[in-house]
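For reference, the structure is listed below as structure tokens.
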Amino acid sequence: MKLIRTLLPALLVLALLAAPGLGLTAHAQTKIATVDMRKLLNGYWKTKQANAALETRKTDLRKELKDMADGLDKAQTDYKQLLTQSDDPTISDVERSRRKQAVSEKGKQINDSKAAYEQFSRQAEVQLQDQVQRMTSNLLADIQAAIKTKAKLAGYSLVLNSTSDSVIYDKGDADLTADVLAQLNAGAPIDLSPSTSTNSNLTLPAGVPATNP
């Protein structure tokens, strides 16, 4: 069902080409192929290499976070001990004051460590997302370049992604936009000709892809 829906735009093009009375130039040699982009991405050896590098980076970040968390746990244990020692009724006022100061400094250290942990955790997540995006972009660029090369050698005009509704490669010789627009505007009044008309404010209905500006 997904493949049929994907091929519909191409089949519509072919139907327009074959329709009588449109006054369009037929492209008898138009060839259409499909690729499974998901399978290409998952099966590409560089994807496996990228995934391995990503897992290594995740492991390193987890270790750093664990070390920071362990340091926090120890600091909190030390804080509790200092707090207990500062309440010892047998110590002098001077010693009590010194220990209270140590408790205060340890509390500030813990707060700073918590803030550093949270900041590092957020930055690590952003770094991983950026790495995934960058790797994916590079892998897709490789795959699309390979598809373009194969399509040109085999004489394909269009290559469609069988797992979505997207065009991966378009040779450009099957684009009917100019011909259809000329046919639509053939009987337009002089004052409504394309050269004098303004941009339309109408929007395409759902399901009809918009063209790039």
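Here are a few things to note about the model shown:
- If the chain linking SER104 and ASP179 were pulled fully straight, counting 0.36 nm for each residue of separation and taking away their Cα-Cα distance, it would gain 19.0 nm.
- Where labels lie 7 Å past Cα in the beta-carbon direction, separation of LYS114 and GLN129 in nm: 2.5 nm
- In this simple spin-label model, placing a label point 7 Å from the Cα along the Cα-to-Cβ direction at both LYS148 and LYS66 gives a separation of 4.5 nm.
- A convex hull fitted to the Cα coordinates of segment 43-140 yields 68 cubic angstrom per residue.
- In plain terms, the residue of SER113, SER166 with the fewest other Cβ atoms within 10 Å comes first and the most crowded comes last, giving SER166, SER113.
- Among LEU65, ILE110, TYR44 the positive-end extreme of the charge dipole of segment 43-140 (Cβ point charges): TYR44
Readers should treat all values here as calculations from the given coordinates under stated rules, not as data from a laboratory. Owing to the predicted nature of the structure, the values given are computational and were not obtained by experimental measurement. Neighbour counts are summed over all protein chains in view; Cβ atoms, including those assigned to glycine, are modelled from backbone coordinates with ideal geometry.
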